[in-house]
1. Using 0.36 nm per residue of separation minus the Cα-Cα distance, give me the extension gain between residue 148 and residue 296 in nm, one decimal.
2. Please tell me the relative contact order of the chain in percent, rounded to the nearest whole number, where contacts are Cα pairs under 8 Å and at least six residues apart.
3. Please compute the modelled spin-label separation between residue 214 and residue 228, points set 7 Å along Cα→Cβ, answer in nm with one decimal.
4. Pop the C-beta distance of residue 60 and residue 383 into the FRET formula with R0 = 60 Å and round what comes out to the nearest 0.05.
5. Provide the gained length on full extension for the span residue 195 to residue 278, in nm with one decimal, where the gain is 0.36 nm per separating residue minus the Cα-Cα distance.
6. Describe numerically, in nm with one decimal, the distance between label points set 7 Å from Cα along Cα→Cβ at residue 124 and at residue 51.
7. Within 10 Å of each residue's Cβ, count the other Cβ atoms and sort 132, 358 from fewest upward.
8. For the pair residue 288 and residue 424, how long in nm is the line joining their label points, each one 7 Å along Cα→Cβ?
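What follows is calculated from the coordinates using simple rules that are stated; it is not laboratory data. These numbers were taken from a predicted model, which means no experiment stands behind them. Cβ coordinates were reconstructed from backbone atoms using ideal geometry, including for glycine residues, and neighbour counts include every protein chain displayed.
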Ligand SMILES: Nc1nc2c(c(=O)[nH]1)N[C@H]1C(S)=C(S)[C@@H](COP(=O)(O)O)O[C@H]1N2
Ligand SMILES: [Mo]
């Protein structure tokens, strides 16, 4: 049996950079550190509360009333303090979450015309077009088919748009990056449905259409990658999809812009060219610096953000644990570097294992803040060799008129009072 852990609060943090010894060494040299480690070492049973009788055991558990976790409903662009019916998206509180899996009720939401209440007994999925057969599936039939589960992020291509032109200093990371979440998704592989209907060889595009009033329909290129990885999903984090996320069935295309992952899915149509819906002409294109527009910019690029310390937090001199999230629509994150001097020098952060492809990765770095104003920033690298660009590079290509796919390194400034604020670089 291992010896009892003298400080359970530290757990088994035997990481390369965050070993218990290095934590204690860092912690004992600063005032904040002493506050973390000091009393734990001297404690006795008198320091812990009495045992309490409990409430009855029920059919499902609820979050503690002491825990305050919520999304931020917003109207684009950036309108907060709005009437509930004005909200078009709702952002995930990244700064209050740990690990990489987002609790289901805090998964960000983007619904173009509200959340329809679909009856699973009535709902159907039509698969047709350039296929040998047209088939209509019931939800029971989908649940009975071969299935896959995969942990993957979903991100709105509008994530990050708040910082295209200027940086509002009052924004938190929930505002700047809260349109991404990671879930375990379960459903039927698209390839199974393709085999069942017998897709014709010449079909290189697929239209996916939702059953909500907005009439969202997108053309999806049938690359090998998309055909192998797309899930016709009916469950998230072990339970049926929640209505906000497409109940009873949605598309889930790992790594590609959220808009393609059609919710309340009612139709897949195969064709030999993009269908050119208004969503890929008038909407979801990006105006570049040279006056041309990018169309079918579908992959979510490499990205990362420090979630703590982050916008509107306050820190004290001494030990501070820097943590954040990194992700890439190309594959797996292999490296995250953090700069605590505004990008002059960089240190490798530790990644929580396992790191999964097209899922968010959690990183950490021990840091001792000397109390002087500075800037902190993260930069990620994926297994295909992509490195997250700085803002100058992104703006150089795209200018400041674009709305989608902003993936520049995020800088947080820290003033002498320890106030953390959103800045452009
Ligand atoms: N039918 C339908 N599908 C949809 C949408 C929608 O409004 N209607 N919004 C899209 C957009 S823009 C995004 S970013 C994702 C958001 O998925 P989520 O709300 O489950 O996070 O769903 C996509 N699929
Ligand atoms: Mo989106």
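1. Answer, rounded to one decimal: 50.6 nm.
2. Averaging sequence separation for qualifying contacts and normalising by length gives 16 percent for the chain.
3. 3.1 nm
4. 0.95
5. 26.9 nm
6. So the label points at residue 124 and residue 51 sit 6.0 nm apart.
7. 132, 358
8. Here the modelled spin labels are 2.1 nm apart.
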